[in-house]
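Worksheet for the structure shown next.
The values are calculated or read from the model by the stated rules, or taken from the named source; none is laboratory data. Just so it is clear, the model here is predicted, and its values are computed rather than measured. Every residue, glycine among them, receives a Cβ derived from its backbone with ideal geometry; neighbour counts consider all protein chains shown.
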Amino acid sequence: MKPRLCAVNDLSLNNLGFSIELRHACDAAEKSTRFLNYLISNAIAAAPDYKADNTPVTIADYGSQIIILFYLTRMFPMDCFMGEENIRKVFMNNKQDGKNITNLVHSIFPEINIKQIESYENKNHSAEDRIWAIDPLDGTKGFIHNRQFSVAIALIENNNIKVGVIGCPKLYKLNSEKYSDREGYLFFAERGKGAFIKSLNGKTIQKIKVNQFNTIAEIIYTESFDNSHININIHKQIADIINIKKPPLKIDSQIKYSLVASGDVSLYLKFPRPSDYKENIWDNAAGQLIVEEAGGAVTDLLGNEIYYEKTDKLMKNSGIIASNKIIHNDVVKITSQLFRLME
Ligand code: AMP
Ligand code: MG
């Protein structure tokens, strides 16, 4: 079936029957995606600091999170928000950084009241809460080094992902024919309503589907750009066992999920390093829903469903397999055996 294409504006997301949550998540992700694009276009330096876990953070990460929190908290004040960055800490500990972040955000969104957001902290939440999992700049290393990065927002309700949005400012660098819009794209999904891609310049929305490849020769897989996040030797071993001929597409951030959902690749493999690494909810929730709504499957390396619980980590899961579903069980047979051998 030919994918449906239609010209839209924000209202037509409404006309297409999406919830208010999905529409506001898309709006917030679009604003942040444009913000990050603006920083890059204007060569605004992103010298990183390093957090306790030794991952980098820049004023772009903080600015993006402020934008998302501002627009979503005023719409959904009763909800719980779990953002990757600690906004409160940076504003308390470093007045100059706070000023720089404020100026940067105000240069594009002067209406944002930073005072409302600067003391915002992730709250402890109970399982019944509605939790927004936010990665304001997923793939900060990619952002710093001029590769891929994204903005991810998901709404999790009673441990189920309801809404997921991934903003991708630089997809044209991956495939300029298919993703020609230099302003970027949003991938989004709402549970039960399918998965879509929206071009930010052309304002078109298209339904997306995973590919139907089931022969090994056709399979392309994707993995982290950063080899320190994955067990690269095991990935090679898995590819050899399945007899995948093509080299992996190495990409930073949750865009890997988007590429499975849009049929560009058949498999996203994440055998973590160290092997007991626990994933963050904001690195996965939006991507998982988009893949599932596009007809794909997402589990951990043992084939277990992903449990979204009371913490910001996926404590019950190890690694990630996202696929076009057709090949999922075959892959999990191999990853589960290899994972058990390592335990
Ligand atoms: P990716 O580009 O898919 O490797 O994912 C980037 C995300 O991985 C970042 O948001 C980091 O929070 C997270 N990350 C950091 N360290 C690790 C690690 N050792 N293994 C897996 N993921 C990590
Ligand atoms: Mg991340």
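Counting the residues of segment 290-312 that are farther than 24 Å from Asp53 by Cβ and within 16 Å of ligand 2 (Cβ to nearest atom) gives 1. Which condition does Asn146 not pass, out of (1) out of contact with any strand residue (DSSP E or B) (no Cβ under 9 Å at 6 or more places or on another chain); (2) modelled with pLDDT under 95; (3) on the phi < 0 side of the Ramachandran plot, if it passes all the others? (3) is the only condition that Asn146 fails. Within segment 157-166, the set of residues being within 15 Å of the chain's Cα centre (by Cα) and either of a type in the set (Lys, Arg) or surrounded by fewer than 24 Cβ atoms within 10 Å (Cβ to Cβ) (or both) comprises just one member, Lys162. Looking only at residues of segment 215-227 that are out of contact with any Leu (no Cβ under 8 Å at 6 or more places or on another chain) and at pLDDT 95 or above, we find that the one that is surrounded by the most Cβ atoms within 10 Å (Cβ to Cβ) is Ser224. The condition (being within 21 Å of Leu174 (Cα to Cα) and assigned by TED's automatic domain parsing to the domain that holds Asn227) is satisfied by just one residue among Asn317, Asn324, Asn329: Asn324.
Against the criterion of being at pLDDT 95 or above and either over 11 Å from Val105 (Cα atoms) or crowded, with 17+ Cβ neighbours inside 10 Å (or both), Tyr71 qualifies. Taking the condition of being over 19 Å from Lys256 (Cβ atoms) and either of a type in the set (Val, Ile, Thr) or in contact with a helix residue (DSSP H, G or I) (Cβ under 6 Å, 6 or more places away or on another chain) (or both), how many residues in segment 201-223 meet it? Qualifying residue count for the region: 4.
Within segment 293-313, being surrounded by 21 or more Cβ atoms within 10 Å (Cβ to Cβ), outside any loop (DSSP other than H, G, I, E, B) and of a type outside the set (Val, Ile, Thr) holds for Glu293, Ala297. When segment 45-81 is limited to residues that are farther than 23 Å from Asp226 by Cβ and aliphatic (A, V, I, L, M), the one that is farthest from ligand 2 (Cβ to nearest atom) turns out to be Met78.
Of all residues in segment 170-214, those satisfying the criterion of being in a loop (DSSP other than H, G, I, E, B) and under 14 Å from Leu22 (Cα atoms) are Arg191, Gly192, Lys193, Gly194. Being closer than 17 Å to Ile108 by Cβ and either assigned by TED's automatic domain parsing to the domain that holds Trp132 or at pLDDT below 95 (or both) holds for only one residue in Ser64, Ser19, and it is Ser64.
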